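Colleague: Below is a structure I'd like to ask you about.
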Amino acid sequence: MSTLNLQDPENFNMSGIQFFDLSGFLELIGRFTLNMVVILILVRWLYYSTTKRKDYLFTYILISSLIFLLCFLLASVKLQIGFALGLFAIFGIIRYRTSSIPIKEMTYLFLIIGVSIINALADTKTSVAEVLFTNFAIIAITFCMEKIWLLKNELSKIIVYERIDLIKPEKNQELISDLQERTGIKKINRVEIGKIDFLKDTCTLMIFYEVIGNQTNNIEQVETIKESADDDDD
């Protein structure tokens, strides 16, 4: 007849149910802390400092925490690489009914999911140094892309324009000059023509221009999202 050992704080169990495992708990705390530090660097410092999107910041941190805990707690089931790819597929195609996710935000979503899976499922054959290097490499590449190589950003604005006589291809330069004068933007790289309403003599234009620094494009992203949702409803 087995007896319950209450004197062993590292392995307290009752009726075959393990209530506390000190080594496993410490490993969870260590990995979760590492994962949270990396995610905060990626989304709070690199991503949020550029876009100022609090809604995605909220989403990324919670999804990362959920993915990490899900992978870590189910790791004992001997999950294979197919499970990790399945998580990418499930969470990577998330699309809220009222909005579509822009490409940059979708990339960060894949990034935080991948980091969380790596930190959670790295087995005992993977050294701590390898895990730390992987996290550092991801942070370094993202930093270089966000803060160095892509410091000069091309932003866009959606404009409802009434001079539809200027949207003809042969009047492209005149159209750009008029938009630059009326918007105050020094240099517009290109203009894309959207919907044309001949009844109201208006059309929708998207202008693309370059800025240096961390100027955000939040309002324009929201407008683009709303327009995409309206098109889906039609």
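The values are calculated or read from the model by the stated rules, or taken from the named source; none is laboratory data. Keep in mind it's a predicted model, so treat the numbers as computed, not measured. A quick note on method: Cβ atoms are made from the backbone with ideal geometry, for glycine too, and the neighbour counts reach across all protein chains shown.
Colleague: List pairs: first residue in segment 45-64 and in contact (Cβ under 8 Å) with a residue 40 or more places away in the chain, second residue not in a helix (DSSP H, G or I) anywhere in the structure, Cβ distance under 8 angstrom, at least six positions apart or on different chains.
Modeller: Pairs found: TYR47/ARG53; SER49/ASN214; THR50/ASN214; THR50/THR216; THR51/THR216; THR51/ASN217; LYS52/THR216.
Colleague: Scanning for something surrounded by 11 or more Cβ atoms within 10 Å (Cβ to Cβ) and modelled with pLDDT under 65, does segment 31-54 turn up at least one residue?
Modeller: no
Colleague: Aliphatic (A, V, I, L, M) and modelled with pLDDT of 80 or more: does that describe ILE67?
Modeller: Yes: the conditions hold for ILE67.
Colleague: Determine whether PHE88 is surrounded by 11 or more Cβ atoms within 10 Å (Cβ to Cβ), assigned to a helix (DSSP H, G or I), modelled with pLDDT under 85 and on the phi < 0 side of the Ramachandran plot.
Modeller: Yes, satisfied.
Colleague: Could I ask something else about it? Give me the residue from segment 100-115 that is over 17 Å from PHE58 (Cβ atoms) and hydroxyl-bearing (Ser, Thr, Tyr) and, out of that set, surrounded by the fewest Cβ atoms within 10 Å (Cβ to Cβ).
Modeller: Among those that are over 17 Å from PHE58 (Cβ atoms) and hydroxyl-bearing (Ser, Thr, Tyr), it is THR107.
Colleague: Taking segment 140-170 as the search range and keeping residues that are loosely packed, with under 14 Cβ neighbours inside 10 Å and basic (Lys, Arg), which one is modelled with the highest pLDDT?
Modeller: At the first step, the residues of segment 140-170 found to be loosely packed, with under 14 Cβ neighbours inside 10 Å are 140-141, 144-145, 148-152, 154, 160, 162, 165, 168-170.
Remaining after also requiring basic (Lys, Arg): 152, 168.
On the way: LYS152: 63, LYS168: 90.
Taking the candidates together, the pick is LYS168.
Colleague: If you don't mind, another one. Filter segment 108-126 down to the residues that are among the hydroxyl-bearing types (Ser, Thr, Tyr) and at pLDDT below 85 and list them by number.
Modeller: Correct list: THR124, THR126.
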